[in-house]
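The next block holds one structure in the form of structure tokens; read it before the comments.
The values are calculated or read from the model by the stated rules, or taken from the named source; none is laboratory data. These numbers come from a predicted model, not from an experiment. Positions of Cβ are generated from backbone atoms using ideal geometry, with glycine treated the same way; all protein chains shown enter the neighbour counts.
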Amino acid sequence: MKHVKEYTRKSIHLIFGIFFLALIYFLGTNLSVQIISACLILGIIVSLLIKNKIKIPFLGKIVESVERENEKKFPGTAAIMFFISAIILLVIFQNDKTIVLAALSVQVFADAFAAIIGITFGKTKILGKKTLEGSAACFVVALLCISYFYPIHIALIAAIVATIIELIPLDDNLWVPLFTATVLKLIA
């Protein structure tokens, strides 16, 4: 049952992530930051309502069904951190949509595949619950995502950094996109 919950969580992660990437691609950074900021405010309100045991049809069930145990103190923490990261990137790199799309695509796709591969095939523990197999998947998918936007030598360095940040015990929804974008800005 635990794996089903994580697969569901990552499916939702992918759906919302792809939606935000499409939003940024088609609407640009300025309008996207406004829409994602509105989503952040709505997300915080929903989280506070759920935390205070106020029933919210549909949304409440979704959040409760995919929330990890360590996130129950403030429901929706992962999504909120992703929104914050996206907003920071959209503000800092408002004139460079490519960096924003590359960094967020790493979080959307590499994070999801790292978890799915790690849960399904992971045997070699390397740090906490993280597995070599999940980290390898993270690296390969990050490399593919970034190499869509940048030359392979740049993508390789940024993918290594993204994989290391995803591996260490930080909130990857916040830090992976920020570190990836910073590396891309410095070396591209």
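Annotation: Val176 fulfils all but one of (1) part of a helix (DSSP H, G or I); (2) within 13 Å of the chain's Cα centre (by Cα); (3) surrounded by fewer than 21 Cβ atoms within 10 Å (Cβ to Cβ); the unmet one is (3). One residue alone among Ala115, Ala103 is part of a helix (DSSP H, G or I), modelled with pLDDT under 95 and under 23 Å from Val183 (Cβ atoms), and that residue is Ala115. On the given criteria, is Val140 buried (at least 21 other Cβ atoms within 10 Å of the Cβ) and part of a helix (DSSP H, G or I)? So Val140 fails the test.
Of the residues making up the range 1-28, not one is more than 19 Å from Leu101 (Cα to Cα), aromatic (Phe, Trp, Tyr) and surrounded by fewer than 14 Cβ atoms within 10 Å (Cβ to Cβ). Do we find that Leu178 is modelled with pLDDT under 95, under 24 Å from Ala79 (Cβ atoms), out of contact with any Lys or Arg (no Cβ under 7 Å at 6 or more places or on another chain) and of a type in the set (A, V, I, L, M) in this structure? Against the criterion (modelled with pLDDT under 95, under 24 Å from Ala79 (Cβ atoms), out of contact with any Lys or Arg (no Cβ under 7 Å at 6 or more places or on another chain) and of a type in the set (A, V, I, L, M)), Leu178 does not qualify. The C-beta contact set for the range 164-178 (first residue in contact (Cβ under 8 Å) with a residue 60 or more places away in the chain and within 12 Å of Lys130 (Cβ to Cβ), second residue surrounded by 21 or more Cβ atoms within 10 Å (Cβ to Cβ) and acidic (Asp, Glu), distance under 7 angstrom, 6+ apart or interchain) comprises Asp172/Asp111; Asp172/Glu166.
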